[in-house]
1. Take the residues in the stretch 4-44 that are among the charged types (D, E, K, R) and part of a helix (DSSP H, G or I), then tell me which one is nearest to E92 (Cα to Cα).
2. Show the residue pairs meeting these rules: Cβ distance below 6 Å; 6+ apart or different chains; first residue within the stretch 98-125 and closer than 30 Å to G79 by Cβ; second residue open to solvent by 40 Å² or more (accessible area, probe 1.4 Å).
3. When residues of the stretch 21-40 are filtered for being under 10 Å from the mean Cα position of the chain (by Cα) and open to solvent by 10 Å² or more (accessible area, probe 1.4 Å), how many remain?
4. Report whether or not L47 is in contact (Cβ under 8 Å) with a residue 12 or more places away in the chain, part of a helix (DSSP H, G or I) and open to solvent by less than 40 Å² (accessible area, probe 1.4 Å).
5. All but one of (1) in contact (Cβ under 8 Å) with a residue 60 or more places away in the chain; (2) crowded, with 21+ Cβ neighbours inside 10 Å hold for R68; state the number of the condition that does not hold.
6. Hey, which of the helices (runs of 4 or more DSSP H) in the stretch 73-153, taking only ones fully inside, have at least 2 residues that are open to solvent by 30 Å² or more (accessible area, probe 1.4 Å), modelled with pLDDT of 95 or more and over 22 Å from I24 (Cβ atoms)?
7. Of all residues being of a type in the set (F, W, Y) and out of contact with any helix residue (DSSP H, G or I) (no Cβ under 6 Å at 6 or more places or on another chain) in the stretch 44-90, which is nearest to A128 (Cα to Cα)? Just the residue, please.
Amino acid sequence: MWVKNGKGLVLWLCGLAGSGKSTIGKALYERIKQEIPNIVYLDGDELRDLLGAYGYDKQGRIAVALKRSAFAHFLSSQGLVVVVTTISLFDEVYAYNRKTLQNYLEIYVECPMEELQRRDQKGLYSGALKGEIQNVVGVDIPFVKPNADIILPNDTPKDLEQKVQSILNQIKEKGSK
């Protein structure tokens, strides 16, 4: 289930800023780590810092996402399970991941824009809607909703454990096929 043909599973959690993907991804990582030690968590912002500063326009975001995917491929090819949390809501990224990552599960953390604006802790959406901030995916950068393996509604931040368990159940179900 976690490793197939020597390749570790890559769990790619994508969604708009504020959708809860990092919270869910960290909790998922912690749960899986109880079962297997060979797991790595790659957060979008942390990995961006590690790789260096890149642009936030659409092409810059795609470039960073492809580097993130290449790094996940590198780790998974060594048998590690990799949990990635990222916006990366572009067809180029989905196609690259499906072509490159051999043991790959895409999870879209879906959250309505109204809820994202309500959660807007960093003022990202309010600033973008006022024209004060540019290059915000979902506002002035269009995104493509993925045809993900798992679509996880997260319009309410409650029931984190239930959401993590739902993902684990679906991983086990897909792994048994």
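The values are calculated or read from the model by the stated rules, or taken from the named source; none is laboratory data. This one's a predicted model, so the numbers in the text were calculated from it and none came from an experiment. Counting neighbours? That spans all protein chains shown, and the Cβs are built from the backbone with ideal geometry, glycine included. These area figures cover heavy atoms from the full protein model, side chains too; ligands, DNA and RNA do not enter into them. Shrake-Rupley method; radii C 1.70, N 1.55, O 1.52, S 1.80 Å.
1. In the first step, residues of the stretch 4-44 are kept if they are among the charged types (D, E, K, R); the result is 4, 7, 21, 26, 30-31, 33, 35, 43.
Applying the additional criterion that residues be part of a helix (DSSP H, G or I) yields 21, 26, 30-31, 33, 35.
Values: K21: 20, K26: 25, E30: 30, R31: 30, K33: 30, E35: 33 Å.
Step by step, filter the stretch 4-44, then rank; the result is K21.
2. What qualifies is T100/H73; L101/H73; Q102/K7; N103/K4; N103/K7; L105/D149; E106/D149; Y108/I151.
3. Restricting attention to the stretch 21-40, the residues satisfying the condition of being under 10 Å from the mean Cα position of the chain (by Cα) are 21-22, 24-25.
From the residues that got through so far, the ones that are open to solvent by 10 Å² or more (accessible area, probe 1.4 Å) too are 21-22.
Total meeting the criteria: 2.
4. On the way: in contact (Cβ under 8 Å) with a residue 12 or more places away in the chain: yes; part of a helix (DSSP H, G or I): yes; open to solvent by less than 40 Å² (accessible area, probe 1.4 Å): yes.
For L47, the condition - in contact (Cβ under 8 Å) with a residue 12 or more places away in the chain, part of a helix (DSSP H, G or I) and open to solvent by less than 40 Å² (accessible area, probe 1.4 Å) - is met.
5. That leaves (1) as the condition not met.
6. Of the helices (runs of 4 or more DSSP H) lying wholly inside the stretch 73-153, those with at least 2 residues that are open to solvent by 30 Å² or more (accessible area, probe 1.4 Å), modelled with pLDDT of 95 or more and over 22 Å from I24 (Cβ atoms) span 91-100.
7. Restricting attention to the stretch 44-90, the residues satisfying the condition of being of a type in the set (F, W, Y) are 54, 56, 71, 74, 90.
If we keep only those that are out of contact with any helix residue (DSSP H, G or I) (no Cβ under 6 Å at 6 or more places or on another chain) too, we end up with 56, 71, 74.
Details: Y56: 13, F71: 30, F74: 35 Å.
It comes out as Y56.
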